[in-house]
Amino acid sequence: MNQDLVLQIERINADMWVAEENHTLGGWVLRSNRDVTWRANSVLPMSSPGIGLDEAIHYCVDFYKSRDITPKFQLTEFSQPLGLDSILEQKGWRKGIEVDVQTKDISKYEPMSLEYQVDILESPSSEWLDCFFEGTGHDSHDLEVRRELMLRSNVHKAFAQIRVGDVVACVGVGMALDGWIGLFRIGTRPHFRRQGLAQRLSEGLLEWGLSKGAFRAFLQVESDNDHAKKLYAKLGFSSLYMYWYRYLPDE
């Protein structure tokens, strides 16, 4: 596996999905976002923390507990220092969500389906957000926090949607930076699923990414989401690496 490529995607991903608070400890980034999304409320250990490991871990625990957030690390096999995952496990940190990061070369991309029109918005409308929450299954109480999170990054952003009749039936987010487009939060209202909407919307985002100078694409899918994996396989995505979380359970 190409370590430099994994670290590049991790950095770009962090620049696209920007937490409300980002605190650095050497080469670790402690992210806090009112406890909305695991990624935006976890430590990203890209290089050495610059202090002793036990001291650094205690620092992180205090940081999150002071904000009433469960302490979490987002890890890959290249997280620093090497062996961090095993050390956290020995200290009682439990393994949480596992995520498959998939990539695709889109330099010669051509869409396979043109049945539905994909509309690109610069920011999410109320209709877009309604579909987002119904399609992804998120609770609506954190609507504003998620909206702010999706808008916060200083990169090219696309809020894509497909209408079926008068209804916004499928939505998703694309972000472009440094020759990459990342696909995020693609969701379809339950009544409109299995009609090819998510595939067409993903294609529309890839086309948009090309227009912004992207020639490679990445996305993230939870390891047990077989339905989504089948969709992305149809689009030509393949697994590159995994990341996962370690969290400290309540005492």
* For residue 5 and residue 193, FRET efficiency with R0 = 30 Å and r from the beta-carbon atoms, rounded to 0.05? -> 0.35
* Asked: Spin-label point model (7 Å from Cα, Cβ direction): what's the residue 110 to residue 90 distance in nm?
  -> 5.6
* Asked: Using r as the Cβ-Cβ distance of residue 15 and residue 164, and R0 as 51 Å, what FRET efficiency do you calculate, to the nearest 0.05?
  -> 0.90
* Structure fact -> Residue separation between residue 51 and residue 65 times 0.36 nm, minus their alpha-carbon distance, gives in nm 3.0 nm
* **Ascending count of other beta-carbon atoms within 10 Å, so fewest first, for 162, 181, 69** => 69, 162, 181
* Between rounded, prolate and oblate, where does the range 3-100 land on the alpha carbon gyration tensor, with a ≥ b ≥ c its root eigenvalues, rounded for a/c under 1.5, else prolate if a/b exceeds b/c? -> rounded
* For each of 215, 78, 132, count neighbouring Cβ atoms within 10 Å of the residue's Cβ, then give the residues from fewest to most. => 215, 78, 132
* Would you mind checking the pairs 157/230; 95/230; 65/229; 95/229; 65/95 and listing those with alpha carbons more than 28 angstrom apart? => 65/229
* Could you tell me whether the range 74-125 comes out rounded, prolate or oblate from its Cα gyration tensor? Rule is a ≥ b ≥ c as square roots of the eigenvalues, rounded for a/c under 1.5, then prolate if a/b exceeds b/c, otherwise oblate. => prolate
* Asked: Local charge sum around residue 67 (other residues, Cβ-Cβ under 9 Å, Lys/Arg +1, Asp/Glu -1)?
  -> -1
* To do: Quick one: check the C-alpha center-to-center distance for the range 34-76 versus the range 169-208, whole angstrom.
  => 30
* **Inter-label distance, nm, simple model (7 Å from Cα along the C-beta direction), residue 58/residue 136** => 3.7
* Where does each of 150, 175 land when they are ranked from fewest to most other beta-carbon atoms within 10 angstrom? -> 150, 175
* Asked: By the gyration tensor of its Cα atoms, with a ≥ b ≥ c the square roots of the eigenvalues, what is the shape of the chain: rounded for a/c under 1.5, prolate for a/b over b/c, or oblate?
  -> prolate
* What is the percent of Cα-Cα separations in the range 108-214 that go past 17 Å? -> 49
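Each value in this text was obtained by applying a stated rule to the coordinates, not by laboratory testing. What you see is a predicted model; the values in this text were computed from it and never measured. Please note: Cβ atoms are built from the backbone with ideal geometry, for glycine as well, and neighbour counts cover all protein chains shown.
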